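Please treat every number below as a calculation from the coordinates, not as lab data. Since the model is a prediction, treat every value here as computed from it, not as a measurement. Ideal geometry is used to build each Cβ from the backbone, glycine not excepted, and the neighbour counts take in all protein chains shown.
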Amino acid sequence: MSDLLRDRLTSISGFGMSAQEDGYCFRPTHPEQVREIFEIARTTGRKVVLRGAGRSYGDAAILGEALILDISRMNRILSYDPQTGVVQAEAGVTIGDLWRLGIEDGWWPPVVSGTAYPTLGGALGMNIHGKNAYRVGTLGEQVLSFTAITPSGSFLTLTPDNPDFYRIISTAGLLAVIVQVSLQLKKVQTGDLDVLALAPRTWQEQFDMFRRYEPEADYMVSWVDCFGKGSQAGRGVFHAAWYQHGITGAGHTLSLTHQDLPDTLLGFFPKSIVWRFLKPLNNRIGMKVLNRAKDFAASTLGNGKHHPQSLVGFSFLLDYVPNWRNAYLPGGFVQYQSFVPKEYAQAVFARQIDLQQAAKCESFLGVLKRHRPDRFLFSHGIDGYSLALDFKLTSKNRERLFELAHQMNELVLQAGGKFYLAKDSTLRERDFMQSVGTAAIAEYRQAKEHFDPEGLLSSRQAIRLGLSRSSDLGMF
Ligand SMILES: Cc1cc2nc3c(=O)[nH]c(=O)nc-3n(C[C@H](O)[C@H](O)[C@H](O)COP(=O)(O)OP(=O)(O)OC[C@H]3O[C@@H](n4cnc5c(N)ncnc54)[C@H](O)[C@@H]3O)c2cc1C
């Protein structure tokens, strides 16, 4: 083995732990080192896979035998103006770093994912959305400019008036390495949101609630009980939330101590061990009971009530229980999120859940969101809704689950819908190609030839979806 790679062998997986690969990990601290890593790839005849915090669920940030270019140590804030909320940061800065930087001056990241761990580079590689996607779109739409390094070593600084801006963001790290980002943060008056909880009993009520609150709410999200059948299909808990304005004496809500998630549940139970209690329940029967209990509590106790909730508590609900994904061990889990135009979303999602129930392969969690279209090359944005689903993976259900995913894909494609690379483990090349369309694929291939003619940037997902070739350094 080359001396350049010695001692760098590392095993990495996607967040869902269902796919794992061994590669050679490099963690640069300076853009110049990024160039050197591409040189090492050439010398050793290997591909390069980009990786941020590894929060993509499937195989987008892994590749066997490749050089793993992990940008998480390039994590300096380069400039920050507390008056304007403009921040310039290296791409390894996380969403968590950003909210901590700005909150005490009344600035909040304009788009956040359901976890605070993603890096800016990884978040733009996928072009993440938040619970406000229908209102402000994706993270890429909030970027003022970014700097990227191409595999040939050129530095590009791009603003939204340049078509390459829309190509490098959203294409899953296959064209260039984003190294710096300039972003406009969102002004907030207080650190709490006003949250309304409602308990839709049917699919019809779910969609009626989204339509009712879309013109006025700043955020909307709904949980769906995927075990609900017949007249109860589609039941769940809908949340609409508003920024609060003009509230006197609310300054303390902008403090870090107000925002930080507690380490314990109910004030005494260490959250770090909660996943161990979830594990024995993490099966069809246990999850059916838990979903039912959550639904009962929501429809009786909290229905129709407003309550204040911190921005962090509302936004990063999934960070409440550390290591919750370990409850899915040993097989891990697959997240599946499809995006369907608004006219067909209700019918498609209802049918997806019928199919899961028929296959005895129900998702343990269902999350419904509203979106809007955007102009990024591999955009998942659509004038419609998405349903995100978590499926436990075992050696017994693997084949059944993939078959189910393919059936669900068919419904999405018939409705003119899309998929999201950050949440994908099961797509076939033809599904992805059909969802983004031949024009986008042709544009991608042209950009790939331009930025990465040797085909150095790759991933296991890119090979699965025909966006990169596995065999040699030539691209197509
Ligand atoms: C609990 C949880 C909740 C989530 N909630 C949401 C949500 O609400 N909305 C949402 O949109 N997503 C959500 N996600 C998905 C997550 O936001 C995305 O997968 C995001 O891309 C992860 O960022 P990362 O830094 O971990 O990147 P990684 O997962 O490491 O990489 C993501 C992609 O970006 C590429 N990449 C990495 N670094 C760079 C770079 N510097 N330049 C160019 N490309 C790069 C990688 O090759 C890969 O293809 C969630 C994930 C989890 C685990």
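A few remarks follow.
- Working note: Karplus 6.51/-1.76/1.60 with θ = phi - 60° gives the range 456-461 the couplings 6, 7, 7, 6, 5, 5 Hz, where Gly and Pro are set to x.
- Protection-proxy order for peptides 131-137, 153-159, 19-25, each taking the mean of Cβ atoms within 10 Å per residue, highest first: 131-137, 19-25, 153-159
- Annotation: amide H of residue 186 within the under-5 Å range of 108, sequence separation 5 or more or interchain, hydrogens built in the peptide plane.
- Crossing angle, helix 438-451 versus the chain [Cα axis fit, 0-90 degrees, rounded to tens]: 40
- 0 to 90° range, to nearest 10: angle between helix 31-44 axis and the chain longest Cα axis: 60
- Of 187/392; 131/418; 229/423; 271/396, those spanning more than 28 Å from alpha-carbon to alpha-carbon: 187/392; 271/396
- Distant alpha-carbon pairs in the chain (separation over 40 angstrom), percent: 17
- Distant-in-sequence amide contacts of residue 127, defined by a placed amide H-H separation under 5 Å and a gap of 5 or more residues or a different chain, comprise 170.
- Mean shadow area of the range 408-464 over all directions, Cα convex hull, nm²: 4.2
- Each of the peptides 365-372, 254-261 was scored by the mean count of other Cβ atoms within 10 Å over its residues; in descending order, highest first, they stand as 365-372, 254-261.
- Only the Cβ atoms of Lys and Arg (+1) and of Asp and Glu (-1) were treated as charged; on that basis the dipole of the chain about its Cα centre amounts to roughly 1380 debye.
- Pairs of Cα atoms nearer than 8 Å and 6+ residues apart set the relative contact order; for the chain it is 17 percent.
- Listed peptides 412-423, 285-296, 80-91 by packing density, highest first (mean Cβ within 10 Å): 412-423, 80-91, 285-296
- Extension gain for residue 6-residue 372 works out to 127.1 nm (0.36 nm per residue, less the C-alpha to C-alpha distance).
- Rounded Å value of the spacing that divides the Cα centres of the range 252-311 and the range 12-72: 34
- Other-chain or far-sequence residues with amide H under 5 Å of residue 338's (modelled H): 387
- Cα-centre dipole for the range 192-427 with unit charges at Cβ (Lys and Arg positive, Asp and Glu negative), debye to 20: 820
- Percent RCO, i.e. relative contact order, over the range 192-427, from Cα pairs under 8 Å lying at least 6 residues apart: 23
- Computed from Cα atoms, the angle from the helix 398-414 axis to the main principal axis of the chain rounds to 90 degrees.
- Near residue 18, once Lys and Arg are set to +1 and Asp and Glu to -1 for all other residues with Cβ below 15 Å from its Cβ, the sum equals +4.
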